[in-house]
1. Stretched out fully, how many nm does the piece from Ile111 to Ser250 gain, at 0.36 nm a residue minus the Cα gap?
2. Nearest 20 debye, what's the magnitude of the dipole of the chain about its Cα centre given +1 on Lys and Arg Cβ and -1 on Asp and Glu Cβ?
3. Using only the Cα atoms, work out Rg/Rh for the stretch 143-206, with Rh taken as the Kirkwood radius, to two decimals.
4. If I take all pairs of Cα atoms in the chain, what percentage of them are more than 32 Å from each other?
5. Put a dot 7 Å past each Cα toward the Cβ at Met62 and Phe167; how far apart are the dots in nm?
6. Given 0.36 nm per residue, what is the gain on full extension from Asp99 to Lys354 after removing their alpha carbon distance, in nm?
7. Which percent of the accessible heavy-atom area of the stretch 143-206 goes to carbon and sulfur, probe 1.4 angstrom?
8. On average, how much accessible surface per residue is there in the stretch 326-465, in Å², for a 1.4 Å probe, leaving out ligands, DNA and RNA?
Amino acid sequence: MRQFPAFFNLSGQRVVIVGSGEEALRKLRLFVSAGALPVIISDHTGPAHEHEAASKAISMTMDDLPAALETARLAIVAEDNPDAIAAIRSARVPLNVVDRPELCDFTVPSILDRGDLVAAIGSNGTAPVLAKSIRTKLEALLPARVGDLAALAGRLRETVKAALPDFSARRKFWERTLTGRAAELAYAGDLTGAEAAMRAELAAPSEEGVVHIVGAGPGDPELLTLKALRLIQEADVVYYDRLVSDGILSLIRRDADRISVGKAKGNHSVPQDQIHELLIASAREGKRVVRLKGGDPFIFGRGGEELDAVEAAGISAFVVPGISSALGCAASAGIPLTHRDHAQAVTFVTGHAKAGGVPDLDWASLAKRGQTVSVYMGVGTSAAIAEKLIEAGRAPQTPVAVIENGTRENEVRAYGMLEELPQLIEAHGIKGPALLIIGEVAGLRAGPVAASVSIEASIPTQKVVSA
Ligand SMILES: C[S@@+](CC[C@H](N)C(=O)[O-])C[C@H]1O[C@@H](n2cnc3c(N)ncnc32)[C@H](O)[C@@H]1O
(Lines give C-alpha, C1' and ligand atoms only; values in the text may rest on other atoms or scores of the structure.)
Protein backbone atom coordinates (compact mmCIF):
# COMPACT_ATOMS: atom_id res chain seq x y z
CA MET A 1 0.00 0.00 0.00
CA ARG A 2 1.59 3.25 -1.12
CA GLN A 3 -1.23 5.52 0.00
CA PHE A 4 -3.24 5.54 3.20
CA PRO A 5 -6.99 5.28 2.58
CA ALA A 6 -9.16 7.38 4.91
CA PHE A 7 -12.64 8.89 4.84
CA PHE A 8 -12.84 12.67 5.29
CA ASN A 9 -15.83 14.32 6.88
CA LEU A 10 -16.43 17.21 4.48
CA SER A 11 -19.94 18.02 5.66
CA GLY A 12 -20.32 21.81 5.54
CA GLN A 13 -16.64 22.21 4.63
CA ARG A 14 -15.21 24.33 1.84
CA VAL A 15 -13.46 22.58 -1.03
CA VAL A 16 -11.94 24.21 -4.09
CA ILE A 17 -12.25 22.92 -7.64
CA VAL A 18 -10.26 24.65 -10.35
CA GLY A 19 -11.55 24.08 -13.87
CA SER A 20 -14.55 24.43 -16.14
CA GLY A 21 -14.74 21.11 -18.00
CA GLU A 22 -16.67 17.90 -17.50
CA GLU A 23 -14.05 16.56 -15.07
CA ALA A 24 -14.50 19.58 -12.82
CA LEU A 25 -18.26 19.01 -12.86
CA ARG A 26 -17.80 15.34 -11.98
CA LYS A 27 -15.72 16.29 -8.94
CA LEU A 28 -18.30 18.94 -8.05
CA ARG A 29 -21.07 16.31 -7.99
CA LEU A 30 -18.93 14.03 -5.82
CA PHE A 31 -18.24 16.77 -3.29
CA VAL A 32 -21.90 17.78 -3.22
CA SER A 33 -22.93 14.19 -2.50
CA ALA A 34 -20.52 14.24 0.48
CA GLY A 35 -22.21 17.38 1.84
CA ALA A 36 -19.25 19.70 1.09
CA LEU A 37 -19.55 23.35 0.04
CA PRO A 38 -17.60 23.56 -3.22
CA VAL A 39 -16.09 26.69 -4.73
CA ILE A 40 -15.52 26.49 -8.48
CA ILE A 41 -12.63 28.59 -9.73
CA SER A 42 -12.57 29.33 -13.43
CA ASP A 43 -12.01 32.27 -15.72
CA HIS A 44 -13.82 30.71 -18.67
CA THR A 45 -17.05 28.82 -18.13
CA GLY A 46 -19.54 27.43 -20.64
CA PRO A 47 -23.35 27.63 -20.26
CA ALA A 48 -23.81 24.00 -19.10
CA HIS A 49 -21.06 24.44 -16.57
CA GLU A 50 -22.49 27.74 -15.37
CA HIS A 51 -25.92 26.25 -14.87
CA GLU A 52 -24.78 23.26 -12.81
CA ALA A 53 -22.04 25.13 -10.98
CA ALA A 54 -24.44 27.95 -10.07
CA SER A 55 -26.89 25.57 -8.49
CA LYS A 56 -24.34 23.54 -6.55
CA ALA A 57 -21.32 25.72 -5.88
CA ILE A 58 -20.02 29.22 -5.44
CA SER A 59 -18.35 30.36 -8.66
CA MET A 60 -15.25 32.54 -8.50
CA THR A 61 -12.39 33.57 -10.78
CA MET A 62 -8.67 32.91 -10.49
CA ASP A 63 -8.24 36.27 -8.71
CA ASP A 64 -10.36 34.92 -5.86
CA LEU A 65 -8.36 31.71 -5.45
CA PRO A 66 -6.11 32.87 -2.55
CA ALA A 67 -9.17 33.97 -0.56
CA ALA A 68 -11.02 30.74 -1.29
CA LEU A 69 -8.02 28.69 -0.16
CA GLU A 70 -8.03 30.29 3.28
CA THR A 71 -10.92 28.10 4.41
CA ALA A 72 -10.54 25.17 2.00
CA ARG A 73 -9.99 21.63 3.34
CA LEU A 74 -9.09 20.12 -0.05
CA ALA A 75 -8.46 21.35 -3.58
CA ILE A 76 -8.73 19.69 -6.96
CA VAL A 77 -7.28 21.10 -10.15
CA ALA A 78 -9.13 19.74 -13.16
CA GLU A 79 -7.39 21.70 -15.93
CA ASP A 80 -3.89 22.59 -17.05
CA ASN A 81 -3.24 25.44 -14.62
CA PRO A 82 0.28 25.68 -13.11
CA ASP A 83 -0.58 28.97 -11.37
CA ALA A 84 -3.46 27.37 -9.49
CA ILE A 85 -1.25 24.43 -8.50
CA ALA A 86 1.42 26.78 -7.19
CA ALA A 87 -1.12 28.84 -5.23
CA ILE A 88 -2.68 25.74 -3.64
CA ARG A 89 0.74 24.38 -2.70
CA SER A 90 1.79 27.60 -1.04
CA ALA A 91 -1.50 27.69 0.90
CA ARG A 92 -0.67 24.12 2.07
CA VAL A 93 -4.12 22.82 1.14
CA PRO A 94 -4.07 19.11 0.21
CA LEU A 95 -4.08 18.96 -3.58
CA ASN A 96 -5.28 16.59 -6.29
CA VAL A 97 -4.44 17.28 -9.92
CA VAL A 98 -6.64 15.27 -12.28
CA ASP A 99 -4.64 12.73 -14.32
CA ARG A 100 -1.32 13.85 -12.78
CA PRO A 101 -0.71 11.41 -9.89
CA GLU A 102 2.88 12.68 -9.50
CA LEU A 103 1.51 16.10 -8.48
CA CYS A 104 -1.10 14.81 -6.05
CA ASP A 105 -1.13 14.89 -2.24
CA PHE A 106 -4.20 12.65 -2.40
CA THR A 107 -5.96 10.69 -5.12
CA VAL A 108 -9.69 10.31 -5.58
CA PRO A 109 -10.72 6.65 -5.54
CA SER A 110 -13.48 5.02 -7.52
CA ILE A 111 -16.40 5.33 -5.12
CA LEU A 112 -19.26 2.96 -4.49
CA ASP A 113 -21.83 5.02 -2.63
CA ARG A 114 -24.67 3.32 -0.80
CA GLY A 115 -25.39 6.03 1.75
CA ASP A 116 -23.78 5.06 5.03
CA LEU A 117 -21.95 2.26 3.32
CA VAL A 118 -19.17 3.47 1.06
CA ALA A 119 -16.42 1.50 -0.65
CA ALA A 120 -13.48 3.30 -2.20
CA ILE A 121 -11.17 1.53 -4.65
CA GLY A 122 -7.88 3.23 -5.36
CA SER A 123 -4.91 2.41 -7.55
CA ASN A 124 -2.52 5.15 -6.36
CA GLY A 125 -3.59 6.99 -9.47
CA THR A 126 -1.99 4.34 -11.68
CA ALA A 127 -5.07 2.66 -13.19
CA PRO A 128 -8.32 4.51 -12.48
CA VAL A 129 -10.14 2.55 -15.19
CA LEU A 130 -9.27 -0.73 -13.47
CA ALA A 131 -10.46 0.66 -10.13
CA LYS A 132 -13.71 1.69 -11.80
CA SER A 133 -14.26 -1.74 -13.30
CA ILE A 134 -13.74 -3.36 -9.87
CA ARG A 135 -16.23 -0.91 -8.39
CA THR A 136 -18.76 -1.87 -11.06
CA LYS A 137 -18.36 -5.53 -10.15
CA LEU A 138 -18.84 -4.73 -6.47
CA GLU A 139 -21.90 -2.67 -7.28
CA ALA A 140 -23.49 -5.67 -8.93
CA LEU A 141 -22.84 -7.76 -5.82
CA LEU A 142 -23.99 -5.35 -3.14
CA PRO A 143 -27.71 -5.11 -2.47
CA ALA A 144 -29.11 -1.75 -3.54
CA ARG A 145 -30.40 -1.07 -0.02
CA VAL A 146 -27.26 -2.03 1.89
CA GLY A 147 -26.87 1.63 2.89
CA ASP A 148 -30.32 1.55 4.54
CA LEU A 149 -29.23 -1.49 6.53
CA ALA A 150 -26.04 0.29 7.59
CA ALA A 151 -28.06 3.35 8.64
CA LEU A 152 -30.42 1.17 10.67
CA ALA A 153 -27.47 -0.49 12.38
CA GLY A 154 -26.13 2.99 13.13
CA ARG A 155 -29.41 4.04 14.74
CA LEU A 156 -29.49 0.95 16.96
CA ARG A 157 -25.79 1.00 17.78
CA GLU A 158 -26.12 2.60 21.25
CA THR A 159 -29.13 0.47 22.20
CA VAL A 160 -27.23 -2.67 21.27
CA LYS A 161 -24.15 -1.50 23.15
CA ALA A 162 -26.19 -0.90 26.29
CA ALA A 163 -27.97 -4.26 26.02
CA LEU A 164 -24.85 -6.26 25.17
CA PRO A 165 -21.84 -4.74 26.96
CA ASP A 166 -19.73 -7.80 26.13
CA PHE A 167 -17.87 -7.21 22.84
CA SER A 168 -18.06 -10.77 21.52
CA ALA A 169 -21.81 -11.03 22.27
CA ARG A 170 -22.26 -7.79 20.42
CA ARG A 171 -20.26 -8.98 17.43
CA LYS A 172 -22.30 -12.17 17.31
CA PHE A 173 -25.49 -10.12 17.38
CA TRP A 174 -24.34 -8.00 14.43
CA GLU A 175 -23.15 -11.01 12.48
CA ARG A 176 -26.52 -12.69 12.90
CA THR A 177 -28.65 -9.67 12.13
CA LEU A 178 -26.58 -8.19 9.32
CA THR A 179 -26.58 -11.45 7.40
CA GLY A 180 -29.90 -12.94 8.49
CA ARG A 181 -33.59 -12.16 8.47
CA ALA A 182 -33.24 -8.51 9.49
CA ALA A 183 -30.85 -7.87 6.61
CA GLU A 184 -33.11 -9.55 4.07
CA LEU A 185 -36.09 -7.51 5.24
CA ALA A 186 -34.06 -4.31 4.89
CA TYR A 187 -32.90 -5.32 1.41
CA ALA A 188 -36.53 -5.93 0.46
CA GLY A 189 -37.34 -2.37 1.58
CA ASP A 190 -39.10 -3.33 4.84
CA LEU A 191 -37.08 -1.24 7.29
CA THR A 192 -39.77 -1.39 9.97
CA GLY A 193 -39.71 -5.18 9.80
CA ALA A 194 -35.93 -5.16 9.80
CA GLU A 195 -35.80 -3.01 12.93
CA ALA A 196 -38.41 -5.21 14.63
CA ALA A 197 -36.35 -8.29 13.75
CA MET A 198 -33.21 -6.69 15.21
CA ARG A 199 -35.02 -5.69 18.41
CA ALA A 200 -36.54 -9.17 18.74
CA GLU A 201 -33.08 -10.67 18.32
CA LEU A 202 -31.78 -8.38 21.03
CA ALA A 203 -34.59 -9.31 23.42
CA ALA A 204 -34.31 -13.06 22.78
CA PRO A 205 -31.33 -14.15 20.69
CA SER A 206 -32.20 -16.97 18.34
CA GLU A 207 -29.72 -19.32 16.79
CA GLU A 208 -31.95 -19.96 13.82
CA GLY A 209 -30.86 -19.42 10.23
CA VAL A 210 -33.01 -18.57 7.24
CA VAL A 211 -34.05 -20.41 4.10
CA HIS A 212 -33.96 -18.79 0.68
CA ILE A 213 -35.84 -20.54 -2.09
CA VAL A 214 -33.94 -19.30 -5.12
CA GLY A 215 -34.61 -19.57 -8.82
CA ALA A 216 -31.46 -20.44 -10.74
CA GLY A 217 -32.91 -19.71 -14.19
CA PRO A 218 -32.65 -22.05 -17.17
CA GLY A 219 -28.91 -22.68 -17.02
CA ASP A 220 -26.82 -19.78 -18.27
CA PRO A 221 -25.17 -18.38 -15.11
CA GLU A 222 -25.47 -14.87 -16.52
CA LEU A 223 -29.24 -15.21 -16.29
CA LEU A 224 -29.12 -15.39 -12.50
CA THR A 225 -30.57 -12.39 -10.72
CA LEU A 226 -28.13 -10.29 -8.71
CA LYS A 227 -29.95 -11.36 -5.57
CA ALA A 228 -29.67 -15.05 -6.44
CA LEU A 229 -25.93 -14.63 -7.03
CA ARG A 230 -25.43 -12.87 -3.70
CA LEU A 231 -27.38 -15.50 -1.77
CA ILE A 232 -25.58 -18.37 -3.49
CA GLN A 233 -22.27 -16.81 -2.49
CA GLU A 234 -23.36 -16.15 1.10
CA ALA A 235 -24.98 -19.55 1.72
CA ASP A 236 -23.60 -22.01 4.27
CA VAL A 237 -25.45 -24.84 2.59
CA VAL A 238 -27.06 -25.18 -0.84
CA TYR A 239 -29.62 -27.86 -1.67
CA TYR A 240 -29.90 -28.02 -5.43
CA ASP A 241 -31.92 -29.74 -8.11
CA ARG A 242 -30.72 -31.73 -11.08
CA LEU A 243 -31.64 -28.90 -13.44
CA VAL A 244 -29.21 -26.43 -11.85
CA SER A 245 -26.28 -26.07 -14.23
CA ASP A 246 -22.63 -26.71 -13.35
CA GLY A 247 -21.79 -23.11 -14.21
CA ILE A 248 -24.15 -21.97 -11.47
CA LEU A 249 -22.96 -24.56 -8.95
CA SER A 250 -19.42 -23.30 -9.45
CA LEU A 251 -20.51 -19.97 -7.96
CA ILE A 252 -21.19 -21.56 -4.56
CA ARG A 253 -18.61 -20.68 -1.87
CA ARG A 254 -15.98 -23.37 -1.69
CA ASP A 255 -16.41 -23.92 2.04
CA ALA A 256 -20.20 -24.20 1.81
CA ASP A 257 -21.95 -27.58 1.78
CA ARG A 258 -23.60 -28.36 -1.55
CA ILE A 259 -26.11 -31.14 -1.50
CA SER A 260 -27.89 -32.57 -4.51
CA VAL A 261 -31.51 -33.41 -3.91
CA GLY A 262 -31.75 -33.83 -7.68
CA LYS A 263 -35.11 -34.69 -8.99
CA ALA A 264 -35.40 -36.17 -12.42
CA LYS A 265 -38.90 -36.59 -13.83
CA GLY A 266 -40.47 -39.67 -12.24
CA ASN A 267 -37.33 -40.26 -10.21
CA HIS A 268 -37.47 -38.28 -7.01
CA SER A 269 -34.10 -39.17 -5.59
CA VAL A 270 -34.84 -37.33 -2.34
CA PRO A 271 -38.55 -37.40 -1.52
CA GLN A 272 -40.17 -33.99 -1.19
CA ASP A 273 -40.95 -34.38 2.54
CA GLN A 274 -37.35 -35.19 3.20
CA ILE A 275 -36.23 -32.08 1.33
CA HIS A 276 -38.45 -30.04 3.65
CA GLU A 277 -36.89 -31.70 6.68
CA LEU A 278 -33.37 -31.06 5.42
CA LEU A 279 -34.10 -27.36 4.86
CA ILE A 280 -35.65 -26.99 8.31
CA ALA A 281 -32.89 -28.92 10.09
CA SER A 282 -30.13 -26.84 8.46
CA ALA A 283 -31.87 -23.58 9.33
CA ARG A 284 -32.27 -24.78 12.93
CA GLU A 285 -28.51 -25.28 13.05
CA GLY A 286 -28.25 -21.54 12.39
CA LYS A 287 -27.22 -21.91 8.75
CA ARG A 288 -27.99 -19.65 5.82
CA VAL A 289 -29.74 -22.14 3.61
CA VAL A 290 -30.27 -21.78 -0.12
CA ARG A 291 -32.70 -24.09 -1.86
CA LEU A 292 -31.62 -23.69 -5.47
CA LYS A 293 -34.11 -24.66 -8.13
CA GLY A 294 -34.01 -24.60 -11.93
CA GLY A 295 -35.92 -21.77 -13.61
CA ASP A 296 -38.38 -20.08 -11.29
CA PRO A 297 -39.13 -21.86 -8.01
CA PHE A 298 -42.85 -21.17 -8.30
CA ILE A 299 -43.35 -22.41 -11.88
CA PHE A 300 -43.73 -26.19 -11.86
CA GLY A 301 -41.07 -26.26 -9.19
CA ARG A 302 -42.84 -27.22 -5.94
CA GLY A 303 -41.37 -24.10 -4.41
CA GLY A 304 -44.76 -23.29 -2.89
CA GLU A 305 -44.77 -26.53 -0.92
CA GLU A 306 -41.27 -25.87 0.35
CA LEU A 307 -42.15 -22.35 1.42
CA ASP A 308 -45.21 -23.62 3.31
CA ALA A 309 -43.25 -26.34 5.07
CA VAL A 310 -40.42 -24.05 6.14
CA GLU A 311 -42.78 -21.34 7.37
CA ALA A 312 -44.93 -23.88 9.19
CA ALA A 313 -41.79 -24.87 11.10
CA GLY A 314 -41.44 -21.23 12.22
CA ILE A 315 -38.33 -20.58 10.10
CA SER A 316 -37.91 -17.33 8.15
CA ALA A 317 -38.12 -17.98 4.44
CA PHE A 318 -37.61 -15.76 1.41
CA VAL A 319 -38.27 -16.46 -2.26
CA VAL A 320 -36.13 -15.18 -5.11
CA PRO A 321 -37.66 -15.47 -8.57
CA GLY A 322 -35.73 -16.89 -11.47
CA ILE A 323 -36.11 -16.79 -15.24
CA SER A 324 -38.40 -19.66 -16.00
CA SER A 325 -37.26 -21.98 -18.78
CA ALA A 326 -40.15 -20.96 -21.07
CA LEU A 327 -38.86 -17.40 -21.02
CA GLY A 328 -35.20 -18.40 -21.24
CA CYS A 329 -35.72 -20.85 -24.11
CA ALA A 330 -37.93 -18.49 -26.09
CA ALA A 331 -35.48 -15.61 -25.72
CA SER A 332 -32.53 -17.79 -26.56
CA ALA A 333 -34.21 -18.97 -29.76
CA GLY A 334 -35.51 -15.48 -30.58
CA ILE A 335 -39.14 -16.58 -30.37
CA PRO A 336 -41.50 -13.95 -28.96
CA LEU A 337 -44.05 -15.81 -26.82
CA THR A 338 -46.59 -13.11 -27.56
CA HIS A 339 -46.82 -11.12 -30.76
CA ARG A 340 -49.32 -8.48 -31.82
CA ASP A 341 -50.10 -10.34 -35.05
CA HIS A 342 -49.83 -13.96 -33.91
CA ALA A 343 -50.34 -14.53 -30.20
CA GLN A 344 -52.36 -12.45 -27.78
CA ALA A 345 -51.87 -14.89 -24.92
CA VAL A 346 -49.36 -17.41 -23.68
CA THR A 347 -50.15 -20.33 -21.40
CA PHE A 348 -47.67 -22.39 -19.41
CA VAL A 349 -48.76 -26.00 -18.98
CA THR A 350 -47.18 -29.15 -17.73
CA GLY A 351 -47.04 -32.16 -20.02
CA HIS A 352 -46.69 -34.52 -17.11
CA ALA A 353 -49.55 -35.48 -14.79
CA LYS A 354 -48.94 -36.13 -11.08
CA ALA A 355 -49.88 -39.76 -11.54
CA GLY A 356 -47.89 -40.04 -14.80
CA GLY A 357 -49.10 -39.70 -18.39
CA VAL A 358 -50.73 -36.64 -19.92
CA PRO A 359 -52.46 -34.23 -17.55
CA ASP A 360 -56.16 -33.50 -17.79
CA LEU A 361 -55.92 -30.04 -19.41
CA ASP A 362 -58.59 -27.90 -21.03
CA TRP A 363 -57.56 -28.91 -24.54
CA ALA A 364 -60.41 -27.04 -26.23
CA SER A 365 -59.22 -23.78 -24.79
CA LEU A 366 -55.54 -24.53 -25.49
CA ALA A 367 -56.41 -25.38 -29.10
CA LYS A 368 -57.70 -21.89 -29.89
CA ARG A 369 -55.75 -19.87 -32.44
CA GLY A 370 -53.88 -16.69 -31.58
CA GLN A 371 -52.13 -18.00 -28.50
CA THR A 372 -48.91 -19.76 -27.58
CA VAL A 373 -48.78 -22.88 -25.46
CA SER A 374 -45.51 -23.52 -23.64
CA VAL A 375 -45.25 -27.06 -22.40
CA TYR A 376 -42.89 -28.03 -19.59
CA MET A 377 -41.98 -31.70 -19.09
CA GLY A 378 -43.69 -32.57 -22.35
CA VAL A 379 -41.05 -34.63 -24.18
CA GLY A 380 -42.33 -38.03 -23.02
CA THR A 381 -45.96 -37.17 -23.72
CA SER A 382 -45.49 -35.15 -26.89
CA ALA A 383 -47.44 -37.56 -29.10
CA ALA A 384 -50.49 -37.43 -26.85
CA ILE A 385 -50.22 -33.63 -26.49
CA ALA A 386 -50.16 -33.14 -30.26
CA GLU A 387 -53.05 -35.55 -30.69
CA LYS A 388 -55.20 -33.89 -28.03
CA LEU A 389 -54.60 -30.40 -29.43
CA ILE A 390 -55.36 -31.47 -33.01
CA GLU A 391 -58.46 -33.35 -31.88
CA ALA A 392 -59.62 -30.22 -30.08
CA GLY A 393 -59.23 -28.16 -33.26
CA ARG A 394 -55.70 -26.78 -33.42
CA ALA A 395 -54.41 -26.95 -37.00
CA PRO A 396 -52.04 -29.88 -37.62
CA GLN A 397 -49.71 -27.43 -39.43
CA THR A 398 -49.40 -25.18 -36.38
CA PRO A 399 -45.69 -24.37 -35.98
CA VAL A 400 -43.85 -25.88 -33.02
CA ALA A 401 -40.36 -25.41 -31.60
CA VAL A 402 -38.65 -27.78 -29.23
CA ILE A 403 -35.77 -26.28 -27.24
CA GLU A 404 -33.60 -28.68 -25.31
CA ASN A 405 -31.11 -27.42 -22.73
CA GLY A 406 -32.14 -23.86 -23.50
CA THR A 407 -29.52 -21.16 -22.77
CA ARG A 408 -26.84 -23.80 -22.15
CA GLU A 409 -23.83 -24.60 -24.29
CA ASN A 410 -25.51 -27.77 -25.54
CA GLU A 411 -28.78 -26.12 -26.51
CA VAL A 412 -30.67 -27.82 -29.35
CA ARG A 413 -33.49 -26.18 -31.29
CA ALA A 414 -35.83 -28.11 -33.53
CA TYR A 415 -38.65 -26.62 -35.58
CA GLY A 416 -41.58 -28.31 -37.25
CA MET A 417 -45.34 -28.69 -37.19
CA LEU A 418 -47.71 -29.90 -34.51
CA GLU A 419 -48.66 -33.08 -36.38
CA GLU A 420 -45.02 -34.20 -36.48
CA LEU A 421 -44.07 -33.22 -32.93
CA PRO A 422 -43.02 -36.69 -31.63
CA GLN A 423 -41.05 -37.44 -34.81
CA LEU A 424 -39.32 -34.09 -34.56
CA ILE A 425 -38.23 -34.89 -31.01
CA GLU A 426 -37.07 -38.34 -31.96
CA ALA A 427 -35.20 -37.18 -35.05
CA HIS A 428 -33.17 -34.79 -32.94
CA GLY A 429 -32.55 -37.28 -30.16
CA ILE A 430 -34.12 -34.87 -27.71
CA LYS A 431 -34.40 -36.34 -24.24
CA GLY A 432 -34.85 -33.17 -22.17
CA PRO A 433 -34.91 -31.00 -20.30
CA ALA A 434 -36.84 -29.49 -23.17
CA LEU A 435 -39.56 -26.96 -23.67
CA LEU A 436 -42.25 -27.24 -26.33
CA ILE A 437 -43.46 -23.99 -27.87
CA ILE A 438 -46.66 -24.48 -29.80
CA GLY A 439 -48.21 -21.68 -31.82
CA GLU A 440 -47.70 -19.37 -34.77
CA VAL A 441 -44.81 -17.59 -33.04
CA ALA A 442 -42.74 -20.77 -33.21
CA GLY A 443 -42.73 -20.40 -37.00
CA LEU A 444 -41.25 -16.91 -36.96
CA ARG A 445 -37.72 -18.24 -36.53
CA ALA A 446 -38.06 -21.54 -38.29
CA GLY A 447 -37.35 -20.36 -41.82
CA PRO A 448 -38.35 -22.81 -44.56
CA VAL A 449 -38.98 -25.63 -42.07
CA ALA A 450 -42.36 -24.34 -40.93
CA ALA A 451 -43.52 -23.78 -44.47
CA SER A 452 -43.00 -27.40 -45.45
CA VAL A 453 -45.95 -29.75 -45.50
CA SER A 454 -44.40 -33.17 -45.58
CA ILE A 455 -43.49 -34.54 -42.19
CA GLU A 456 -40.30 -36.17 -43.39
CA ALA A 457 -39.13 -33.14 -45.30
CA SER A 458 -39.94 -30.75 -42.53
CA ILE A 459 -37.73 -32.38 -39.96
CA PRO A 460 -34.38 -30.60 -40.15
CA THR A 461 -31.53 -33.04 -40.33
CA GLN A 462 -29.14 -30.80 -38.54
CA LYS A 463 -29.25 -29.82 -34.90
CA VAL A 464 -29.20 -26.12 -34.31
CA VAL A 465 -26.70 -25.77 -31.54
CA SER A 466 -26.24 -22.36 -30.07
CA ALA A 467 -22.77 -20.88 -29.94
C1 LIG B 1 -39.82 -29.57 -12.95
S2 LIG B 1 -39.91 -28.46 -14.26
C3 LIG B 1 -39.13 -27.09 -13.56
C4 LIG B 1 -39.42 -25.82 -14.24
C5 LIG B 1 -38.68 -24.67 -13.65
N6 LIG B 1 -39.13 -24.37 -12.34
C7 LIG B 1 -38.77 -23.43 -14.53
O8 LIG B 1 -39.32 -22.42 -14.12
O9 LIG B 1 -38.23 -23.50 -15.66
C10 LIG B 1 -38.72 -29.12 -15.36
C11 LIG B 1 -38.99 -28.78 -16.81
O12 LIG B 1 -38.60 -27.46 -17.09
C13 LIG B 1 -38.14 -27.37 -18.42
N14 LIG B 1 -36.76 -26.91 -18.42
C15 LIG B 1 -36.02 -26.59 -17.37
N16 LIG B 1 -34.81 -26.12 -17.75
C17 LIG B 1 -34.81 -26.16 -19.09
C18 LIG B 1 -33.86 -25.80 -20.08
N19 LIG B 1 -32.68 -25.29 -19.76
N20 LIG B 1 -34.20 -25.96 -21.38
C21 LIG B 1 -35.41 -26.46 -21.72
N22 LIG B 1 -36.34 -26.79 -20.83
C23 LIG B 1 -36.05 -26.65 -19.53
C24 LIG B 1 -38.26 -28.76 -19.02
O25 LIG B 1 -39.51 -28.85 -19.63
C26 LIG B 1 -38.18 -29.61 -17.77
O27 LIG B 1 -38.76 -30.86 -17.99
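1. This chain segment gains 47.1 nm when fully extended.
2. Values: 49 positive and 56 negative charges, 141 e Å.
Result for the chain is approximately 680 debye, rounded to the nearest 20.
3. On the way: Rg = 10.8 Å, Rh = 11.5 Å.
Radius of gyration relative to Kirkwood radius: 0.94.
4. Working: 62642 of 108811 pairs.
Summing the P(r) tail past 32 Å for the chain gives 58 percent.
5. Label-label distance for Phe167 and Met62, simple model: 5.4 nm.
6. Working: separation 255, 0.36 × 255 = 91.80 nm, distance 6.60 nm.
Working it through step by step, the gained length comes to 85.2 nm.
7. On the way: 1860 of 3360 Å².
Roughly 55 percent, rounded to a whole number.
8. 45
The values are calculated or read from the model by the stated rules, or taken from the named source; none is laboratory data. Because the structure is a prediction, the values reported are computed rather than measured. Heads up, the Cβs are rebuilt from the backbone with ideal geometry, glycines too, and the neighbour counts pull from every protein chain shown. For accessibility, only protein heavy atoms count, side chains too; no ligands or nucleic acids. Shrake-Rupley method; radii C 1.70, N 1.55, O 1.52, S 1.80 Å.
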